[in-house]
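Chemist: Below you will find the structure I want to go over with you.
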Amino acid sequence: MPILGIDYNKCINCKKCIMQCTAKFWDEGDKVVFDDKYKSCILCGHCIAVCPEDAILHEKMGSEPYTYAEIINPFEYIPYEKMFNFLNSIRSTREYKKDKVPDELLRKIVRAMQIGPTGSNMRDQKFKVITDPELLKAIGKAVLDERLKLVAEDPAFMERQKIADERYSNPLYHDAPAIIIMYCSGSNSMDHYNIGIGVTYGRLVAHSLGLGTVWNGYTSGMLEQHKEIIKLAEVRGKSWGVLEVGYPAVKYERVPPRPEKKINGLD
Ligand SMILES: Cc1cc2nc3c(=O)[nH]c(=O)nc-3n(C[C@H](O)[C@H](O)[C@H](O)COP(=O)(O)O)c2cc1C
Ligand code: SF4
Ligand code: SF4
């Protein structure tokens with residue numbers, strides 16, 4: 001069990017851990033006791049994060065706890081205006097430079113995808129980074145072939161596809177030099193959300209590194225339906241998110257109008 005108890009040499013009985021985790025820390029007046037009698041700890045680490053004395057004893061849970069000045073007041077780190085403008089600047093990149101993305105940056109993106117929140121703190125998601133141009137092309141072609149079978153009767157799609165074929169050598173991925181596939185078993189009702197959040201975390205970090213991305217929904221959809229594509233990509237699962245990554249060859253000058261979505265409950 002990764003949470004082992006409390007170091008009473010450090011504990012000041014502030015009871016903050018109880019508020020974060022009502023069913024595993026028990027208030028015995030003169031001291032707080034850790035007893036996960038219902039075996040319901042989800043390893044979220046809130047007790048470790050909140051303890052002012054770093055008194056929670058635990059086994060290794062991946063990385064060691066650490067801190068930094070901005071953790072206390074994150075709004076001072078990135079105030080709303082900065083955050084909103086950053087989010088508003090992120091578009092789906094459909095034109096990439098030929099430059100490869102260094103492994104070091106791809107690792108940083110995957111690291112961000114790993115820290116996204118998940119329902120019940122499920123940690124079973126996996127990642128596949130694909131940078132081999134031949135494999136990228138093979139997957140892109142397999143997905144597109146399946147897509148074309150569905151829309152062969154649609155002249156507008158076929159016309160658009162013809163233009164894309166002339167423009168890109170791997171049209172499905174807009175010639176991006178890398179894709180990251182995030183996937184998991186699909187056995188949990190929150191899996192699609194968890195993947196969605198992870199991919200979004202990856203996108204945000206990629207753009208903070210000067211990279212561009214597209215969420216490639218066609219690939220996710222076809223991975224759900226075609227075992228051959230799963231085999232080709234060497235992944236296993238039932239829930240998928242696919243992110244194109246590359247250096248953008250496009251600059252956006254302005255934020256275009258985006259129709260507001262309906263809000264209920266506010267004046
Ligand atoms: C899709 C999804 C559903 C969640 N549902 C609940 C919920 O119903 N109640 C709750 O207290 N926390 C919920 N959470 C929060 C997770 O338990 C939490 O993200 C996880 O334990 C990691 O902790 P953190 O978000 O503080 O990093 C949910 C998170 C996600 C992503
Ligand atoms: S890791 Fe989360 S669930 Fe487990 S004891 Fe700490 S606060 Fe509670
Ligand atoms: S939060 Fe830390 S110091 Fe406070 S009661 Fe819990 S273990 Fe003790």
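Chemist: Using 0.36 nm per residue of separation minus the Cα-Cα distance, give me the extension gain between Val33 and Asn264 in nm, one decimal. Provide the component values of the computation, followed by the final result.
Modeler: Numbers: separation 231, 0.36 × 231 = 83.16 nm, distance 4.42 nm.
Result: 78.7 nm gained on full extension.
Chemist: Among Leu243, Leu211, Leu43, determine the one that fluctuates most according to a GNM of the chain built with springs between C-alpha atoms less than 10 Å apart.
Modeler: Leu43
Chemist: If the rule is a partner Cβ under 4.7 Å, which cysteines in the chain fail it?
Modeler: When partners are defined as cysteine Cβ atoms under 4.7 Å apart, the chain leaves Cys11, Cys14, Cys21, Cys41, Cys44, Cys51, Cys184 without one.
Chemist: Moving on. Take the Cα of Ser63, step 7 Å along the line toward its Cβ, and report every residue of the stretch 170-214 whose backbone nitrogen sits under 16 Å from that point.
Modeler: 201-202, 205-206, by backbone N distance to the label point.
Chemist: Just to be sure I understand: with springs between alpha-carbon atoms less than 10 Å apart, which residue in Met190, Met61, Met113 has the highest mean-square fluctuation in the Gaussian network model of the chain?
Modeler: So, out of Met190, Met61, Met113, the one fluctuating most is Met61.
Chemist: Starting from the residue with the highest accessible area, list Glu64, Glu166, Glu70 in decreasing order, probe 1.4 Å. Mind dumping the intermediate values first?
Modeler: Details: Glu64 105, Glu166 140, Glu70 65 Å².
Putting Glu64, Glu166, Glu70 in descending order of accessible area: Glu166, Glu64, Glu70.
Chemist: Now, a different point. If packing is taken as the average count of other Cβ atoms within 10 Å, what order do 201-207, 225-231, 191-197 fall into, highest mean first? Walk me through the intermediate numbers first.
Modeler: Working: 201-207: 21.9, 225-231: 13.1, 191-197: 19.6.
My ranking of the peptides, most packed first, is 201-207, 191-197, 225-231.
Chemist: Oh, and also: Output the pairs from Lys141/Lys238; Lys97/Lys162; Lys31/Lys126; Lys24/Lys262 with a Cα-Cα distance over 32 Å in this structure; if there are none, say none.
Modeler: On the way: Lys141/Lys238 21 Å; Lys97/Lys162 22 Å; Lys31/Lys126 40 Å; Lys24/Lys262 41 Å.
Too far apart for the 32 Å limit: Lys31/Lys126; Lys24/Lys262.
Chemist: Note down the nm distance, to one decimal, between modelled labels 7 Å out along Cα→Cβ at Cys14 and at Ala152.
Modeler: 6.7 nm
Chemist: Take every DSSP beta bridge with both residues inside the stretch 91-246 and express the antiparallel ones as a percent of the total, to the nearest 5.
Modeler: Working: 16 of 17 bridges.
Roughly 95 percent of the DSSP beta bridges within the stretch 91-246 come out antiparallel.
Chemist: Taking only complete DSSP H runs, can you tell me which helices of the chain stretch 24 Å or more along their own long axis by Cα positions and average at least -0.5 on the Kyte-Doolittle scale? Before the final figure, lay out each step's value.
Modeler: Working: long enough: 133-151 (26 Å, 0.36); 191-208 (26 Å, -0.01).
For the chain, where a helix must reach 24 Å along its axis and average at least -0.5, the hits are 133-151, 191-208.
Chemist: Using a 1.4 Å probe on the protein chains only, how many percent of the accessible area of the chain belongs to carbon and sulfur?
Modeler: Working: 9450 of 17380 Å².
Accessible surface attributable to carbon and sulfur in the chain totals 54 percent.
Chemist: Could you compute how fast the stretch 91-246 diffuses translationally, taking Rh as the Kirkwood radius over C-alpha pairs and applying Stokes-Einstein at 20 °C with viscosity 1.002 mPa s? Give it in µm² per second. Please list the in-between numbers first.
Modeler: Values: Rh = 15.9 Å.
Using the Kirkwood radius from Cα pairs, D works out to 135 µm²/s.
Chemist: Right, next: Could you provide, to the nearest whole Å², the per residue accessible area of the chain with probe 1.4 Å?
Modeler: Accessible area per residue: 65 Å².
The values are calculated or read from the model by the stated rules, or taken from the named source; none is laboratory data. If you're wondering where the values come from, they're calculated on a predicted model, not measured in any experiment. Please note: Cβ atoms are built from the backbone with ideal geometry, for glycine as well, and neighbour counts cover all protein chains shown. Keep in mind that these areas ignore ligands, DNA and RNA; they rest on the heavy atoms of the full protein, side chains included. Shrake-Rupley method; radii C 1.70, N 1.55, O 1.52, S 1.80 Å.
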